[in-house]
Each structure stands twice: as structure tokens, then as C-alpha cells.
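Heads up, the thing below is written out as C-alpha cells.
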Ligand SMILES: Cc1cc2nc3c(=O)[nH]c(=O)nc-3n(C[C@H](O)[C@H](O)[C@H](O)COP(=O)(O)OP(=O)(O)OC[C@H]3O[C@@H](n4cnc5c(N)ncnc54)[C@H](O)[C@@H]3O)c2cc1C
């Protein structure tokens, strides 16, 4: 059976400081846990059948030091509310929403990880996979922007010649091609690593995401520029691609957080 999944870690008061500021809690009640808290910006949140939910074990210790637990929740569980999709700038085919948990009772069989840094460790592993995935999406945006830009540069005529003959337009196309090759190389390298059973380090995955997200944004904004007024109109696809690309610099860790993760990983060796 096909199911829609969601991965819920972000909260209104704990975005980049995901674990430190996390306020969702799980309290032990006999064999069960009672889970409370709210999440926001959750991809597929509104329609998810299955949710991987991160929270902290409420054991009376300092909230910043508490153990992170991860539970598997199902749609329709008593006390679980899934919001309607939030309106957003781009990625309109990907619903994003809030989750509200009010005394949701879960058995120990729903506990995915706990102990020995389980929850934190699983999130870190997920960051690596997710960040590589963002690079692949960035490649898609770059390829499409470049394809559309070349097409437009050949078709649009001004001063009796196609705009692709102007050197400033050629520079834009050349920079897009450089970005395409670089991001493609990163993605292919990652695929090759996966094939041979190797996992990138957190620094590598974060660097890949940081570079690919920025490259996609530069390319998409330059594509809008190359299309002139048409580029700013929703009728032309580059407008949508530019809005979608902006999300790459925010979710799965912002650009600024990638910098801190790259540096922390490099400096810890
Ligand atoms: C489309 C979309 C889908 C998402 N999907 C999911 C999902 O499925 N699951 C999920 O759990 N979350 C999801 N998120 C949430 C996303 O991971 C967070 O938005 C992101 O981590 C940033 O957190 P924040 O929005 O609270 O920003 P904040 O953490 O409040 O950051 C505000 C600003 O401060 C900067 N900043 C923060 N800390 C530092 C620092 N130490 N040094 C320098 N600058 C800093 C940030 O880079 C940013 O510019 C999604 C977000 C979006 C936009």
C-alpha cells in the first residue's frame, strides 16, 4: 500500500537550533508515552499517513540536555491534528504544514530510536541523505533554466539580431553551463559513492548542498533577467523555478547552518 510520509523536527521556536530549542515532549506513563508539542513547516504534514516525530524525553532534567526520542505516528491518532497546507512562495506541488499533538498516547513499539544519542544520530544521518537530495533538485532547476534560456536567447530578437549574440547574454549562458557541470559532478560523485557503499561526511554533504543551492539561485535569477519582463511573469516557467530555488537555501538547514556544519565537522577531526 502506498503511504505519504513526513519527517517532523522543526518547531516554531527551534528552527536552526532544532535540538537545543525543541519543546515537544514525551512523558512516560506506564508502558506508554504521552506526547505533546507542535511542529511547523513540515513537508507533507497536511496529508501524511505516517509521521516520524522528534521530541524530548521529559525526565525532569535540564530541557537542553534531554534525550531525543523519535516516534512513528499515524494519521487519525487521538490528539494528533494536521493543519491545512500553508501558503508559500514556491514549491507549490509540495504541501507544507503544521502538526499539533495534545496528549497523544503511543506504545513503546512506536519508538524508533532512543538511548546512546539515537534520535540525534538518526537526524544527522538523515541530514546527509536530505542534503544530497537537495543538490539533485538544484541540478534539475539549473538544467531547466539553462535549457529555457538557450531557447529564448535564440528566439528573442532585438536590434535585428538574436539576444544570444550579445556578449552579456553569452556570459550568463556560460556561467549557467559552468554551474550545471559543477553541480552535476557533485551529484554524480554522490551517486557513485552510494553505489560503492560509501557515505559522504557531514561536511561533504553540507558543502554539496550549500554550493548547489546557491548555484541554482544564481542561475534561476539570471534566467529571469535573460527573459526580461517575460521572466517576471508567471506565464514563463523561469519565474516559478526562481521561487522554487529559493527554498533550497532554507530547508534541510539554511545556508548559514551548512557553513557551521562544514566548519564543525572539519575542525572536529
Ligand atoms: C519548504 C520548506 C519545507 C520544509 N520541510 C521541513 C520538513 O519536512 N521537516 C522539518 O522538520 N522541517 C522542515 N522545514 C523547516 C526548515 O528546516 C527550517 O525552516 C530551517 O531549518 C530554518 O529554521 P527557521 O525557519 O526556524 O529559521 P531560523 O532558525 O529562525 O533562522 C533565521 C535566520 O537566522 C539564521 N541563523 C540561525 N542560526 C544561525 C547561526 N548559528 N549562525 C548564523 N545564522 C544563523 C538562519 O540561517 C536564518 O537566516 C521546511 C522549511 C521549508 C521552507
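Every read-out reported here was derived from the displayed coordinates using simple, explicitly stated rules and does not represent laboratory data. Nothing here was measured: the structure is a model prediction, and the numbers come from that model. Cβ sites come from the backbone with ideal geometry, for glycine too, and all protein chains shown count toward neighbours.
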**Q.** Translational D in µm²/s for segment 4-76 (Stokes-Einstein at 25 °C, 0.890 mPa s, Kirkwood Rh from C-alpha pairs)
**A.** 195 µm²/s
(Q) Run the helix sum for the chain: -39,500 (n - 2.57) per DSSP H stretch of 4+ residues, divided by residue count, reported at 222 nm to the nearest 500 deg cm²/dmol. (A) -15500 deg cm²/dmol
Q) Once the principal axes of the Cα atoms of segment 87-212 are found, what is the range along each, listed largest first in whole angstroms? A) 73, 39, 19
Q.
As an exercise, take the mean of 1/r over every pair of distinct alpha carbons in segment 1-140, invert it, and state the Kirkwood radius in angstroms.
A. 15.6 Å
Q.
Can you give me the angle between helix 202-226 and the longest principal axis of the chain, using Cα atoms only, in degrees from 0 to 90, rounded to the nearest 10?
A. 40 degrees
Q) Ordered by packing density, taken as the mean number of other Cβ atoms within 10 Å over each peptide's residues, highest first, how do 142-152, 17-27 rank? A) 142-152, 17-27
Q: Rounded to the nearest 10 degrees, what's the angle between the helix 118-155 long axis and the longest principal axis of the chain, both from Cα atoms, 0 to 90?
A: 20 degrees
**Q.** Two-decimal Rg to Rh for segment 77-145 - Kirkwood Rh, Cα set
**A.** 1.09
Q: For a quick protection proxy, order the peptides 172-178, 86-92 by their average other-Cβ count within 10 Å, most packed first.
A: 172-178, 86-92
Q: Enter the angle in degrees (range 0 to 90, nearest 10) between the Cα long axis of helix 255-267 and the first principal axis of the Cα atoms of the chain, meaning the one along which they spread out most.
A: 70 degrees
**Q.** the chain: translational diffusion in µm²/s, Stokes-Einstein, Kirkwood Rh over Cα pairs, 37 °C, 0.692 mPa s
**A.** 160 µm²/s
Q.
At a threshold of 8 angstrom on Cα-Cα distance, excluding pairs fewer than six apart, so keeping six or more, what relative contact order does segment 1-151 reach in percent?
A. 24 percent
